[in-house]
Amino acid sequence: MNRKQLGLQGEQFAAQYLQRQGLEIIARNWRCSSGELDIIAGDQGVIVFIEVRTRTVYKDGNERYGTVLEAVTPYKQQQIRKLAQIYMYQKKLYDHSVRFDVVLIERQQEHMDAKHIRNAF
């Protein structure tokens, strides 16, 4: 499985996981000229911008290239905030509260686990 396929599979798994947790999926892979937001959801009146990070954990328990949480760098956080502002402006959602979450998906062979970090940044 290549990186793109793994990412798509992880995003699908994350969306299903979030729905089971009671979040309403508003949009997936929302794009504008400045970039893409993985998942936008509603959670009791709060608009939640969710970054999904998927990695393979190998039999030895190691993740190559660092942990999934390390991949959400300060630069990436800034980019997500900027995209969220654009989304809120385009949708005229001026009076809504927002939150930034990260869903970490770890794949080991055919098994996937999700960890949802609310208010991640």
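The values are calculated or read from the model by the stated rules, or taken from the named source; none is laboratory data. Not measured: the values here are computed from a predicted model. Here Cβ is always computed from backbone atoms with ideal geometry, including for glycine, and neighbour counts include all displayed protein chains.
Residues that are at pLDDT 95 or above and more than 19 Å from R118 (Cβ to Cβ) number at least 1 in the following strands (runs of 3 or more DSSP E) confined to the stretch 1-99: 24-32, 35-43.
Kindly establish whether D113 is in contact with a strand residue (DSSP E or B) (Cβ under 7 Å, 6 or more places away or on another chain), exposed (fewer than 13 other Cβ atoms within 10 Å of the Cβ), outside any helix (DSSP H, G or I) and at pLDDT below 95. For D113, the condition - in contact with a strand residue (DSSP E or B) (Cβ under 7 Å, 6 or more places away or on another chain), exposed (fewer than 13 other Cβ atoms within 10 Å of the Cβ), outside any helix (DSSP H, G or I) and at pLDDT below 95 - is met.
Can you confirm whether E36 is touching a residue at least 12 places away in the same chain (Cβ under 8 Å), touching a helix residue (DSSP H, G or I) at 6+ places or on another chain (Cβ under 7 Å) and within 29 Å of Y89 (Cα to Cα)? When the stated conditions are applied, E36 does not pass them.
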